[in-house]
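Computed from the coordinates by the stated procedures, all read-outs in this text should not be read as laboratory data. If you're wondering where the values come from, they're calculated on a predicted model, not measured in any experiment. So basically every Cβ, Gly included, is an ideal-geometry build from the backbone, and we count neighbours across all protein chains shown.
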Amino acid sequence: EDTRPGMTGALFTVKGTAARLAATDTYRLAIYDLSFDADTGRDCATLIPKRTLAEMLHFLTGDDEEEVELRIDESQIEFRTRFYTVKSRLLAGQFPNIERVIELVGQDEGVCGGCFADRIPCAVLGDG
């Protein structure tokens, strides 16, 4: 996996009021789409290390909904909750073209949603 940095992370994209989190292990593709109440004012596409997402999931295991604030700059991402802050470097590399995979497989076949993003009911993006 170290020779393919794009495969060791999850792609997080934001366009206007829509966001998508996608991850793959080369055999399966998980996609979670979410939307914001207002335009974030910033479009981005970044690779977040899977270990960072696993760490955040560890903090979000309670039954209560928790607001998560995201701050993204050129090389780092920061997740903030009421009690925790997790900061991580972003990955360099190329994530597979998931739009092409969806075209080939079909929207309803082999593409599933869910996972980490289910634990984030609200996210606010800001400049680092």
Simple label model, 7 Å out from Cα along Cβ direction - D43 to Q76, nm: 2.7 nm
Pair-distance profile P(r), taking every C-alpha pair of the range 31-99, with 10 angstrom steps and integer %: 15, 47, 34, 3
Vicinal HN-Hα couplings computed from phi for the range 75-89 (Karplus, 6.51 cos²θ - 1.76 cosθ + 1.60; Hz; Gly/Pro x): 10, 9, 10, 10, 9, 10, 10, 4, 10, 10, 10, 10, 10, 8, 6
